[in-house]
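The values are calculated or read from the model by the stated rules, or taken from the named source; none is laboratory data. Because the structure is a prediction, the values reported are computed rather than measured. Note that each Cβ is placed from the backbone with ideal geometry, even for glycine, and that neighbours are counted across all protein chains shown. Side chains included, ligands, DNA and RNA excluded: accessible areas come from the protein's heavy atoms. Shrake-Rupley method; radii C 1.70, N 1.55, O 1.52, S 1.80 Å.
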Protein chains: 2
Amino acid sequence: MGPGPAAGDDIETLITTMARLPGLGPRSARRIVLHLIRKRAGQMAQLAALMSSVAETARECRTCGNITQSDLCPICQDPGRATGEICVVTEVADLWALERGRAFRGRYHVLGGTLSALDEIGPEDLRIPELVVRIADENVTEVILALAATVEGQTTAHYIAEALEPTGVAVTGLAQGVPVGGELDYLDDGTITAALRARRRL
Amino acid sequence: MGPGPAAGDDIETLITTMARLPGLGPRSARRIVLHLIRKRAGQMAQLAALMSSVAETARECRTCGNITQSDLCPICQDPGRATGEICVVTEVADLWALERGRAFRGRYHVLGGTLSALDEIGPEDLRIPELVVRIADENVTEVILALAATVEGQTTAHYIAEALEPTGVAVTGLAQGVPVGGELDYLDDGTITAALRARRRL
């Protein structure tokens with residue numbers, strides 16, 4: 001797995017540690033470490049300092065569960081973001097993806113996972129009770145469930161929709177259909193069926 | 001490129017810095033940083049410390065050019081490695097690849113590149129003068145040129161073979177042929193021709 005007995009101990013440990021990161025392996029880890037060593041004066045020390053700072057300070061936003069370096073994340077701190085709409089996502093990565101699209105100007109709520117009987121993840125393991133509290137506290141009028149179009153995602157969506165029914169808040173979900181740039185020939189049957197059922201008048 | 005304005009400053013800088021590493025991009029960098037933040041107590045702080053240590057101490061081995069954390073690399077320090085054979089490689093990554101194969105028990109010499117008229121890399125930019133010095137100093141009897149089977153690699157090999165001719169040392173190169181597990185149908189014509197020309201009696 002390692003570079004062999006050729007380099008120093010820390011260099012080998014660095015490579016084997018990086019090789020275990022998601023999407024990397026021994027080969028790409030070796031390539032990255034060699035690249036960094038060649039530029040060590042600059043980029044590697046900077047990376048080490050950044051990682052150390054983030055490891056020290058990164059935490060969940062007290063309100064929405066986004067990852068942040070302060071008590072509240074920049075979105076929850078932003079007075080320009082509408083408080084009446086909450087977009088519920090599974091993971092922080094989903095929140096970031098929505099932010100890159102710049103289409104949503106409300107606030108978020110990160111569940112931290114989906115319901116799963118197999119993995120014994122129940123409603124109390126996700127941030128669903130906190131969501132119910134926020135709906136009362138923040139005068140929320142709409143909750144958008146931006147969950148994955150998978151069995152687990154949709155099970156979780158239905159559970160939340162039911163849990164929120166007593167609050168009277170409007171609960172919506174993302175539209176399903178043909179992705180932008182998608183060619184029908186390459187789409188799975190489920191997507192085509194969903195797009196056909198949700199067809200709209202032009 | 002970044003995660004959007006959603007995370008803290010250091011988190012965003014960490015992601016954009018990692019996204020510039022070879023083989024990574026914005027998406028894989030985000031995935032790695034999120035993974036690290038979730039395990040931050042352990043792995044991220046450890047990675048930061050390792051990087052900081054390596055950034056501080058990594059240097060070229062005084063003798064062979066391998067990357068190491070001391071003055072001499074572990075191979076040059078190892079009294080069990082034969083001093084009579086030097087294997088010349090282009091980059092440290094090649095040295096590590098040969099070490100993983102465990103077939104060579106001599107010492108190495110890292111050139112740090114190949115001759116290239118286009119990039120204005122001449123013999124004096126590589127560690128060729130140091131190689132000539134080592135051949136006299138270390139009683140070397142064979143120099144194995146383990147360079148790439150590319151035009152640049154072979155040009156460099158020929159240059160070194162000529163430069164070493166006055167020393168009387170035996171200069172050899174890696175065999176060319178069918179790679180282990182290689183199917184003829186998938187090989188390029190050059191490799192098939194080389195393998196045919198270098199055919200041997202069974």
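Kindly indicate whether any position in segment B:47-62 is of a type in the set (A, V, I, L, M) and more than 7 Å from chain A (Cβ to nearest Cβ). Before you say what the answer is, go through the steps one by one.
Step one: list which residues in segment B:47-62 are of a type in the set (A, V, I, L, M), which gives B:47-51, B:54-55, B:58.
Those left that are additionally more than 7 Å from chain A (Cβ to nearest Cβ): B:49.
Yes - at least one qualifying residue is present in segment B:47-62.
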ask   = With respect to the numbered conditions (1) touching a Lys or Arg at 6+ places or on another chain (Cβ under 7 Å); (2) closer than 19 Å to A:R30 by Cα; (3) surrounded by 15 or more Cβ atoms within 10 Å (Cβ to Cβ), which one is the sole condition not fulfilled by B:G23?
value = (3)
ask   = Within segment B:39-56, is there a residue that is assigned by TED's automatic domain parsing to the domain that holds B:E162, among the basic types (K, R), assigned to a loop (DSSP other than H, G, I, E, B) and free of Cβ contacts under 8 Å to residues at least 12 places away in the same chain?
value = no
remark   = The residue that is nearest to B:A149 (Cα to Cα), considering only those in segment B:92-127 that are among the basic types (K, R) and crowded, with 17+ Cβ neighbours inside 10 Å, is B:R127
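Residue check: is A:E91 of a type in the set (D, E) and either in contact with an Asp or Glu (Cβ under 8 Å, 6 or more places away or on another chain) or on the phi > 0 side of the Ramachandran plot (or both)?
Numbers: of a type in the set (D, E): yes; either in contact with an Asp or Glu (Cβ under 8 Å, 6 or more places away or on another chain) or on the phi > 0 side of the Ramachandran plot (or both): no.
No.
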key: Flag if B:D94 is closer than 30 Å to B:D188 by Cα and assigned to a loop (DSSP other than H, G, I, E, B)   = no
key: Conditions (1) aliphatic (A, V, I, L, M); (2) more than 7 Å from chain A (Cβ to nearest Cβ); (3) in contact with a strand residue (DSSP E or B) (Cβ under 9 Å, 6 or more places away or on another chain): number failed by B:I11   = (2)
query = So, of the residues in segment B:156-166 that are open to solvent by less than 70 Å² (accessible area, probe 1.4 Å) and without any contact (Cβ under 8 Å) to a residue 60 or more places away in the chain, which turns out to be nearest to B:T141 (Cα to Cα)?
reply = B:L164
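Does A:L147 fit the bill of being buried (at least 20 other Cβ atoms within 10 Å of the Cβ), among the hydrophobic types (A, V, I, L, M, F, W, C) and part of a helix (DSSP H, G or I)?
Numbers: buried (at least 20 other Cβ atoms within 10 Å of the Cβ): yes; among the hydrophobic types (A, V, I, L, M, F, W, C): yes; part of a helix (DSSP H, G or I): no.
Here the answer is no, as A:L147 does not meet what is asked.
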message = charged (D, E, K, R) and either part of a loop (DSSP other than H, G, I, E, B) or in contact (Cβ under 8 Å) with a residue 60 or more places away in the chain (or both): which single residue out of A:R105, A:R100 fits that description?
response = A:R105
message = Every residue in segment B:169-185 that is of a type in the set (A, V, I, L, M) and either surrounded by 13 or more Cβ atoms within 10 Å (Cβ to Cβ) or part of a strand (DSSP E or B) (or both), please.
response = B:V169, B:A170, B:V171, B:L174, B:V178
key: Enumeration of residues in segment A:39-70 that are among the charged types (D, E, K, R) and over 17 Å from B:Q43 (Cα atoms)   = A:K39, A:R40, A:E60, A:R62
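Against the definition (under 17 Å from the mean Cα position of the chain (by Cα), more than 20 Å from B:S28 (Cα to Cα) and in contact (Cβ under 8 Å) with a residue 24 or more places away in the chain), how does A:G84 come out, yes or no? Full working, then the answer.
Details: under 17 Å from the mean Cα position of the chain (by Cα): no; more than 20 Å from B:S28 (Cα to Cα): yes; in contact (Cβ under 8 Å) with a residue 24 or more places away in the chain: yes.
When the stated conditions are applied, A:G84 does not pass them.
Take A:L164 and tell me if it is within 18 Å of the chain's Cα centre (by Cα), assigned by TED's automatic domain parsing to the domain that holds A:G84, closer than 15 Å to A:L131 by Cα and of a type in the set (A, V, I, L, M, F, W, C). Give the steps one after another, and end with the answer.
On the way: within 18 Å of the chain's Cα centre (by Cα): no; assigned by TED's automatic domain parsing to the domain that holds A:G84: yes; closer than 15 Å to A:L131 by Cα: yes; of a type in the set (A, V, I, L, M, F, W, C): yes.
Judged against the criteria, A:L164 is not a match.
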inquiry  = Against the conditions (1) farther than 30 Å from A:L126 by Cβ; (2) at the interface with another protein chain (Cβ under 7 Å from one of its Cβ atoms), where does A:G23 fall short? Just the number, please.
reply    = (1)
